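Enquirer: Here you go, one structure.
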Amino acid sequence: MSAEDLVKGIIEHIEPDQKGNFREGLRRTPERVVESWKELYSGYTKDPKAALSSTFNGEGYDGIVLLKDIEFYSTCEHHMLAFTGKAHVAYIPTDRIVGISKLARIVEVYARRLQNQERITTQVADALEKHLKPLGAAVIIEASHACMGCRGVKKSHAIMSTSAMRGVFFDKAEARAELMQLIKE
């Protein structure tokens, strides 16, 4: 059975009177949905190592590198509904730095999968630690979950925050405090 046939089955489940005779607005929906999945779940085809592979000489820089407010879109693996928000990604380099677009790309690699927010947070921090070998890595994600807003408890303004701290961001309160101050600015 093709993915388009599966989507047709879902439409027929939602609108039982459609049984293969879709109204105009639904006729191309199965192919549009399958096409959208290619983008929404493109993270499965991307290699996290490749996202962080282009590094440069840090020229002795040993401060915090922070890219904040990285917008992302993901899909909750529990209800297959959207969750969206922003990620703050930081690291303290040892000898190599990475282009800032790569920090946004690593968020995209993991966000564009069936996910939960906690896992994205951990996966991004682990990838930074593994591929950049920094003194510290930190990821903080704030997101709004459609499953909270449009169903269940219906609390659409609730924001969930998750964090993963590695190295000096975990071990040293001063480093963590400096990071939090930079995020607030």
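Enquirer: In degrees, nearest 10, range 0 to 90: what is the angle between the Cα axis of helix 117-132 and the longest Cα principal axis of the chain?
Expert: 40
Enquirer: Could you calculate the contour length gain from L182 to T55, that is, 0.36 nm times the residue separation minus the distance between their Cα atoms, to one decimal place in nm?
Expert: Full extension from L182 to T55 adds 43.4 nm.
Enquirer: Would you work out the relative contact order for the chain, in percent, from Cα pairs under 8 angstrom that are 6 or more residues apart?
Expert: 19
Enquirer: How far, in degrees from 0 to 90, does helix 173-184 lean away from the longest principal axis of the Cα atoms of the chain, to the nearest 10?
Expert: 50
Enquirer: Once log10 I(q)/I(0) by the Debye sum over Cα atoms at q = 0.10, 0.14 Å⁻¹ is worked out from the coordinates, which option in [x] -0.43, -0.85; [y] -0.72, -0.95; [z] -0.49, -0.81 does it equal?
Expert: Computed from these coordinates, log10 I(q)/I(0) by the Debye sum over Cα atoms at q = 0.10, 0.14 Å⁻¹ corresponds to label [z].
Enquirer: Separate question: Pairs of alpha-carbon atoms within less than 8 angstrom and 6+ residues apart define the contacts here; what relative contact order does segment 49-141 have, in percent?
Expert: Averaging sequence separation for qualifying contacts and normalising by length gives 36 percent for segment 49-141.
Enquirer: Among F170, F56, F22, determine the one that fluctuates most according to a GNM of the chain built with springs between C-alpha atoms less than 10 Å apart.
Expert: Judging by the Gaussian network model, the answer is F22.
Enquirer: Now for a different question. Which loop chymotrypsin sites (Phe, Trp or Tyr not before Pro) in segment 57-97, with loop taken from DSSP, have no more than 16 other Cβ atoms within 10 angstrom of their Cβ?
Expert: Y61
Enquirer: Nearest 10 degrees is fine. How inclined is helix 29-40 to the longest principal axis of the chain, computing both from alpha carbons?
Expert: Helix 29-40 sits roughly 10 degrees off the main axis of the chain.
Read the figures in this text as sums done on the coordinates, not as results from a lab. Not measured: the values here are computed from a predicted model. In this analysis, Cβ positions are derived from the backbone assuming ideal geometry, glycine residues included, and neighbour counts consider all displayed protein chains.
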